[in-house]
Structure formats: C-alpha cells, structure tokens
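Here's the structure we're looking at; comments come further down.
The values are calculated or read from the model by the stated rules, or taken from the named source; none is laboratory data. Computed from a predicted structure; not experimentally measured. Virtual Cβ from ideal backbone geometry, glycine too; neighbours counted across all protein chains shown.
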Amino acid sequence: MTRANKITIGRIILVPVFVFLLNASQSWPIRMRLIPLLVFLIAASLDILDGYLARKNQEVTRLGSILDPLADKLLMMTALFIVAFQKLDSFYGSVSPVLFYLVLLRELILIIGAGILVLLKRKIQVKPRLVGKTATFVLVVLIVAVLTGLNQIIIDLLTFPASLFVFISLILYIMDGIKQLCSTDKKPLKSDISKTPIRSKSCYIEHSE
C-alpha cells in the first residue's frame, strides 16, 4: 500500500474520532473545546498531503481514486450533519439544514449520474471546476467558524455564499453529466472493436463554458 493511501485511510479513521471528541467536548472547559476543531483541520489538511505524495511519487492508484473522494465526503457530510442537526452546546453555532440537504443532493446526483454512465458504457470524465473547489473551501471555513464558536451572525453570513457555490457547482456538474451522456465515446469492449460508433443526432447539446 502506498504512503498516500495510508494517509487517506488515516483521514477516514479521523472522522469517527472527530465525532467522538465533538460530542465529548460538550462538558469540557471552553479552551478544550477547540480540540475537535484541531482534528477536523488535520483531516482536511491531510487531503492536500496525500494528493501531493500521490502525484510526486507517481503513486496514483485505483484504490486511492476511490478512497480519496470517500474520505472527503465522509468528513464534510459528517461535520455538516452534526452542525446542522445535532444540538450542540451554546459555545458552538449552527448551520441551516438546507445547506446539508443541498450538499447531499449534489453528492447523490453525482453518484447516480456516474452509475448511469457506467450502465450505458460511457466514459466518466471528472472535470474539476473552480466553483466546486471554491464551494469546498467555503464549506470548510463555515465549519471552522462553527467549531471556533464564532458569532451566529458570521456563521449565517458564510452560509449564503456556501449555499450559492454548492448550487452553482451542482448545476455545472449536471450539465457536464448530460454532455457525457450524449457523447458517443464508450468504454472499449472486445465485441465493439470492429464496430464503428454512430453519432446520435437526437442528443446534441451545445455546452458553453
């Protein structure tokens, strides 16, 4: 197993550790309540490290391509769920459940879309977008704001741009999915080697960047 994959597994293990510490910290002194924040920041920062090691040492593996997004989604969705639904101590703020449902909807659509492309033997091309990265960054900042006990007004102000970027990224991912769905590129199969792909005239969509 590569070092990058070991770090990614460590990130997954940190998720239940984060949940345990956040719940346990409710009865701790105020300064001690920043420990869950530290664990969250470590888990989020390790995402950059494992990606860097995988590229630098040419250790990009199939296992890593599965574990890395899994670790990202587990950490983000778990943290969002807690700060949106769980009644935390008054030291912490809270986030509107609408944001959690919006992020959940985006992830479900991505998973369902990928499943449809696989069933139709279309090539799955993940195209990273700046708006998607921005949405993730703002979500991390929002969760950090909650865990540091910032004023609820600040948290509410951060919730709006976070929701906006998540919604825009959702729309763009849907457009990318439709474009790939209408593409004639398929995964090469032995039975298809001698066949010439036919372009469907009924499924042509102009997609402007």
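Could you check how many residues of the stretch 1-35 are over 12 Å from residue 75 (Cβ atoms) and part of a helix (DSSP H, G or I)? Spell out the reasoning first.
From the stretch 1-35, those over 12 Å from residue 75 (Cβ atoms) are 1-7, 9, 20-35; that's our starting set.
Among the residues that remain, those that are also part of a helix (DSSP H, G or I) are: 3-7, 9, 20-27, 30-35.
Selection size over the stretch 1-35: 20.
Quick check: anything in the stretch 24-40 over 19 Å from residue 149 (Cα atoms), in contact with a Leu (Cβ under 6 Å, 6 or more places away or on another chain) and not acidic (Asp, Glu)?
Looking for residues that are over 19 Å from residue 149 (Cα atoms), in contact with a Leu (Cβ under 6 Å, 6 or more places away or on another chain) and not acidic (Asp, Glu), one finds none in the stretch 24-40, hence no.
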Among the residues of the stretch 122-140, is there at least one that is over 21 Å from residue 48 (Cα atoms) and surrounded by 15 or more Cβ atoms within 10 Å (Cβ to Cβ)? yes
Select, from 21, 38, 80, the only residue that is in contact (Cβ under 8 Å) with a residue 24 or more places away in the chain and either surrounded by 15 or more Cβ atoms within 10 Å (Cβ to Cβ) or over 21 Å from residue 163 (Cβ atoms) (or both). 80
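A quick yes/no check of all residues on (1) at pLDDT below 90; (2) farther than 14 Å from residue 95 by Cα; (3) part of a helix (DSSP H, G or I); (4) touching a helix residue (DSSP H, G or I) at 6+ places or on another chain (Cβ under 6 Å):
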site	(1), (2), (3), (4)
131	yes, yes, yes, yes
145	no, no, yes, yes
167	no, yes, yes, no
170	no, yes, yes, yes
178	yes, yes, yes, no
188	yes, yes, no, no
Subset of the stretch 102-115, residues at pLDDT 85 or above and surrounded by 12 or more Cβ atoms within 10 Å (Cβ to Cβ), comes to 102, 103, 104, 105, 106, 107, 109, 110
Given the conditions (1) at pLDDT below 90; (2) in contact with a Ser or Thr (Cβ under 9 Å, 6 or more places away or on another chain); (3) aromatic (Phe, Trp, Tyr), report the number of the one that residue 52 does not fulfil. (2)
Qualifying residues in the stretch 59-77 (those that are of a type in the set (Asp, Glu) and assigned to a helix (DSSP H, G or I)) - the one surrounded by the most Cβ atoms within 10 Å (Cβ to Cβ): 68
State whether the residues of the stretch 192-207 include one that is part of a helix (DSSP H, G or I) and modelled with pLDDT under 85. yes
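Mind listing whichever residues of the stretch 1-18 are touching an Asp or Glu at 6+ places or on another chain (Cβ under 8 Å) and surrounded by fewer than 19 Cβ atoms within 10 Å (Cβ to Cβ)?
Correct list: 2, 3.
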For the stretch 50-60, state whether one or more residues are under 20 Å from residue 107 (Cβ atoms) and of a type in the set (Gly, Ala, Ser). yes
Which residue, of 92, 101, 52, is out of contact with any Asp or Glu (no Cβ under 7 Å at 6 or more places or on another chain) and outside any helix (DSSP H, G or I)? 92
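Criterion first (over 30 Å from residue 92 (Cβ atoms), touching a residue at least 40 places away in the same chain (Cβ under 8 Å) and of a type outside the set (Asp, Glu)) does residue 8 satisfy it?
In short, no.
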